[in-house]
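Presented below is the structure to which this report refers.
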Amino acid sequence: MRILFRGFAALISSVIFSIIVAATETTPVVEQQTGTYYFSFFELLIMYSLFITPVYFLVGIPWSLLVDILTKKKSLFYNKYLHNLFLYCAGGMLISLIIVILEPSLLNDFYGGIALVLLGGFASVLFYHIAIPFDMAFYKYNESKKLNALNVWDQPE
């Protein structure tokens, strides 16, 4: 059930992140040159969704479950929120760094690589904040399931 909730969070995160990236990459009409083709916002949204969504599902969900396992045992910080925030951001930046290393054509210059790594950190923090309400729903679902199981056995015959 937790994976299902994380899947919903990954889907919502990929849509929001794709919208943000497409909005920043869209060239306004007043800046467009004649005779040059520019992708529309919706074309960019579809293109970025095709690249972003698999990363969220193939890497984001397993990393999220790993963070859950790591933070269940011991936390580096006093506050579990800060610990999770740090781990999610580090994971997003690490995955972005791996992608940049494996595909150097993504780099225009050194600062472009840093920007992509920071963008990965932002994407993972976005996923974390969207996953928080789903975790709360998962916790309440488990608690109600436990209570229902107890109530079944407590009823007189």
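FYI, it's all coordinate maths here, none of it is from the lab. What you see is a predicted model; the values in this text were computed from it and never measured. Because the Cβ atoms are built from the backbone with ideal geometry, glycine has one as well, and the counts that use them run over all protein chains shown.
Annotations for the structure displayed:
- Pick from the range 15-50, criterion touching a Phe, Trp or Tyr at 6+ places or on another chain (Cβ under 9 Å) and under 17 Å from Leu116 (Cβ atoms), ranking: surrounded by the most Cβ atoms within 10 Å (Cβ to Cβ): Phe17
- Some residue of the range 61-74 being at negative phi, touching a Lys or Arg at 6+ places or on another chain (Cβ under 9 Å), surrounded by 16 or more Cβ atoms within 10 Å (Cβ to Cβ) and in contact (Cβ under 8 Å) with a residue 24 or more places away in the chain: yes
- Positions within the range 78-98 being surrounded by 13 or more Cβ atoms within 10 Å (Cβ to Cβ) and hydrophobic (A, V, I, L, M, F, W, C), in sequence order: Leu85, Phe86, Leu87, Cys89, Ala90, Met93, Leu94, Ile95, Leu97, Ile98
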